[in-house]
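The values are calculated or read from the model by the stated rules, or taken from the named source; none is laboratory data. Source: prediction; values computed, not measured. Ideal geometry is used to build each Cβ from the backbone, glycine not excepted, and the neighbour counts take in all protein chains shown. These area figures cover heavy atoms from the full protein model, side chains too; ligands, DNA and RNA do not enter into them. Shrake-Rupley method; radii C 1.70, N 1.55, O 1.52, S 1.80 Å.
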Amino acid sequence: MITTIDPAKIGQAAPRRQHKRSATGYLPATLKDGKEIWPRGDEKTWKAGMRGIPNTVSDITNAIVYHVQSTLARQAYNLDNLGAYQAVALSVRDDLIVKWNETQMQYTRKQPKRAYYLSLEFLMGRTLDNALLNLGLKQQYKAATHKLGFNLEDLIDAERDAALGNGGLGRLAACYLDSGATMELPLWGYGLRYHYGLFAQHIAPDGSQLEAPDPWLDTDNPWEIPRQDVTYDVRFYGHAERIGNGKAVWTGGQEVLAVAYDVPIPGYSTNTVNNLRLWDAKPKRGFDLNSFNAGDYDRAIQENSSAETLTRVLYPNDNHMLGKELRLKQQAFWCAASLSDIIRRFKQVEKPWSEFPEYVSIQLNDTHPTIAIPELMRMLVDEEDVPWGDAWAITTKTFFYTNHTVLPEALEKWPVPLMEHVLPRHLQIIYDINMAFLQAVERKWPNDRERLARMSLIQEGEPKYVRMAFLATIGSAKVNGVAELHSHLVRETILRDFVDFFGKSKFANVTNGVTPRRWLDQCNPGLSNLITDAIQKPKAVWLKDLTLLKALEPFAEDSVFLKKWALIKHNNKKHLADYIKTHLGITVNPQSLFDIQIKRIHEYKRQSLNLLGVIHRYLTLKAMTSTERKKVNPRVVIFGGKAAPGYFMAKLLIRLIVNTARTINADADMKDILTVVFVPDYSVSLAEILIPASDISQHISTAGTEASGTSNMKFCLNGGLLLGTVDGANIEIAEEVDSNNVFFFGHLTDAVEDLRHQHKYHPIPVEERSPALAAVLKEIEEGRFGDPTIYQPFVDTIRLSDYYLVTDDFDSYVEANKMVDDAYVKDPEEWTKKTILTVSRMGKFSSDRAIMTYAEEFWNIEQFAIKF
Ligand code: NBG
């Protein structure tokens, strides 16, 4: 058939696409007596064909073989571990979908209020093991795979991590989804389906970091359901014409299609399977008609690839803002598609717009989704004819904003010219919001021009910038930080004026948490089983109420239990030692104290302090006689973490860590006394091996810089003690577990500004302030760890400005390390007691507690059990 195109329509606003599908939406019609009418065909036949959830070993093996034969088109003759993993995963996915369908159907029937977690990052890691745990089918699958000639552990290992996040912020989002489903909350996540996850890290022969792409979707991803029928149009660029009453018409520019991919999120030991909806970008038309008409075929094809570029790659920055146009487009694309979807769902309940906040709460994970605020305004005002004032009232009841950092370099600001170019209508709306807001400020504090300039959504200058944290603050019903100290700093520093304006009650704290399913039971089954035996509570109970760990306390006095506990730690250390031997060829002695620092490499996190401490230890050991050295407690220091590809200083530090490790490990005097390991390509899966094996872990950020930290919680939950500064959630951990069980050092937040001032205006040479540190720097400068000119910029950051206060904290850091050594060597039993007491007091740090706080105090949503 030949169709004709009306040239006048090209580039014009198209009517919004209608949602056609019904799986999560439409309900059966009912007869007068309330009886439901089966939609088509014979009900019995349909029902007979529907799948349940097989739980006998033979049903499970059948399901796996079915996928080998049909979905993968393979046979027993040519099935490797990857193929077997895929077949197993597909059979588990079938189970998840059964519960997923039921969950979504029941939400649609009852229309409970729902919450949506908007996050640009979901650092999920692997899924198979976790899905089996949550479904309660792990034992059955072990037996089933064994019968088919495979080892379940190997298949679990064949899965690639979904690395759709940078670090703590993305992993927190993943823990919250797990907890949301486990706590039976109607909670969905919305994110982007990046084709490339966080880069893979390799170490070059000279010791520096190399980045390689992570095309994680190359091997099929069984954990997603493509929804080619759930699509929305999203516009960029073009022209916005005001038409009065706060409204405008936005036309032209580029239109991109958002396509949904659904990732089922099973709760632990519940029927709830929630949804994580990830958007992929597709060109809206097969080709750009304008270019096609002009005969410019090449350009038409280019437009295609430009739409798809949108979801190509995750930006590899952690705690750092990068003002790239594509990043802004990613944010706008994801927010527009998610809101279209949310609004489509709200329309099913057929209520007036004023009731929108009674059905919908949206949590903004950091400022990345802030553009959703003007986007909701645009949809309500321009598309739904809601008056501006009503729309603003709805918007400010719907959104909630979590701040995750007070670091100035991480606070999002978009250049006004860029925003005007990419999102002309949104910029108009932001200006209108700003005007109304500043008028209210003026009414409260007349003629306080400085205040107006400070609080404006627009930062003056050349160019001007839009301050996203401020927009998120005024557009939300509540704002929270992620640990007590951090929330305090948010209120006292970056949002101080806003606290004065809105009052304190809008500014809350929700301390982060972690899921004990993945971060204890799954990664440390030995410990989890021992705990279950000791406290005499089934896992299905205590893994959902972590405060029950309290019952472990008395076992700290039970010498038989202490031995069992210590043995588990030892086995975990052996497991890690094996990994290090196989992958890096380095021998580490599991009798040593395992000291671990794993996190993004960042100056504020101060891996520098750790490394300088290691060199100090090395020099001290070198100065000893060999008999003295034999008495020293052996230590293995393990580093892991990626540096943003554009972060010169962080990459330089990796290079120095690697080369220092090489020097020390090659020194025969250090054999079995000090070993230093840099584990490349740190990931969620690696964390699952490293964390259970730690004796001590380091969380040593400059006071006031680490908003919370979440690996600190994971380490403590696995019986590793903390060596840390008085920062982030370390403080609350110490409050819970008792400060006797935490090794604290360093200056407090209050001192930081003064110290920085001193450094700048009254500098004192390192030689005077910390002779021990000066000796360490001298070794680097003399080339002990390789060409010193390479490392001079690093040494200079410490000698010159020392913004992160390494010189100020060095001596107390060395002292704290001595205390760690003493405690570990002098009384191993006492050490084990400390670790038991620590674990027993970690109840507060479950992400179940955190998500329930959001549910009850912010979103006002209720637990909703799925009946099966
Ligand atoms: C990070 C903080 C961490 C915190 C996580 C999760 C950002 C912007 N912030 O301290 O640095 O634990 O967020 O809240 O990535």
Using only the alpha carbons of the stretch 695-773, what is the convex hull's orientation-averaged projected area in square nanometres?
6.1
On each of the three principal axes the extent of the alpha-carbon atoms of the stretch 525-852, given in whole Å and largest first, is 59, 44, 37
Given all pairs of different Cα atoms, what value in angstroms does the Kirkwood hydrodynamic radius of the stretch 730-868 take?
19.3
What three numbers, in Å, describe the spread of the alpha carbons of the stretch 478-597 along their principal axes, ordered from the longest?
57, 41, 25
Run the 1.4 Å probe and let me know the accessible area of SER456, rounded to the nearest 10 Å².
10
Sort GLU829, GLU779 from largest to smallest accessible area, using a 1.4 Å probe on the heavy atoms of the protein chains.
GLU829, GLU779
Give, as a single signed number, the net charge of other residues whose beta carbon lies under 13 Å from the beta carbon of ARG629, with Lys and Arg counted +1 and Asp and Glu -1.
+2
Give me the base-10 log of I(q)/I(0) for the stretch 74-169 at each q in 0.10, 0.24 Å⁻¹, Debye formula, one uniform scatterer per Cα, rounded to two decimals.
-0.38, -1.23
How large is the direction-averaged shadow of the alpha-carbon convex hull of the chain, in nm²?
41.7
Find, among the GluC sites (Glu not before Pro) in the stretch 358-436, those assigned to loop by DSSP (not H, G, I, E, B) with at most 15 other beta-carbon atoms within 10 angstrom.
GLU384
note: the stretch 663-730, Cα-Cα separations exceeding 17 Å make up a percent value of 54
Write down the Å³ per residue value for the convex hull defined by the alpha carbon atoms of the stretch 171-234.
166
Using a 1.4 Å probe on the protein heavy atoms only, what accessible surface does GLU815 show? Give it in Å² to the nearest 10.
90
Considering the options ASN572, TYR176, GLN863, tell which one lies farthest towards the positive end of the dipole of the chain, charges being +1 on Lys and Arg and -1 on Asp and Glu at the Cβ, about the Cα centre.
GLN863
What is the helix-to-structure angle for 57-66, meaning the angle in degrees between its Cα long axis and the longest Cα principal axis of the chain, kept from 0 to 90 and rounded to the nearest 10?
60
Taking Cα pairs under 8 Å and at least six residues apart, what relative contact order does the chain come out at, in percent?
13
On a 0 to 90° scale, report how tilted helix 81-110 is relative to the longest principal axis of the chain, with both axes built from alpha carbons and the result rounded to the nearest 10.
50
Can you pull the percent of the chain's accessible area that's carbon plus sulfur, 1.4 Å probe, other chains left in place?
53
Stretched out fully, how many nm does the piece from THR219 to HIS202 gain, at 0.36 nm a residue minus the Cα gap?
4.0 nm
Accessible area, 1.4 Å probe, largest first: how do LYS44, LYS397 sort?
LYS44, LYS397
For the chain, give the magnitude of the charge dipole about the Cα centre (Cβ charges: +1 Lys/Arg, -1 Asp/Glu; no others), in debye to the nearest 20.
1760
Taking amide hydrogens as modeled 1.01 Å from N in the peptide plane, which residues meet the under 5 Å criterion relative to VAL726, leaving out close sequence neighbours?
PHE745
Pop a pseudo-label 7 angstrom from the Cα along the beta-carbon direction at both ALA440 and ASP497 and give the gap in nm to one decimal.
1.5
Taking the full set of protein chains and a 1.4 angstrom probe, give the accessible area of ASP448 in square angstrom, rounded to the nearest 10.
50
With R₀ set to 51 angstrom, the calculated FRET efficiency between the beta-carbons of THR45 and ASP157, to the nearest 0.05, is 0.75
Acute angle (nearest 10 degrees) that the helix 388-398 long axis makes with the longest principal axis of the chain, alpha-carbon atoms:
40
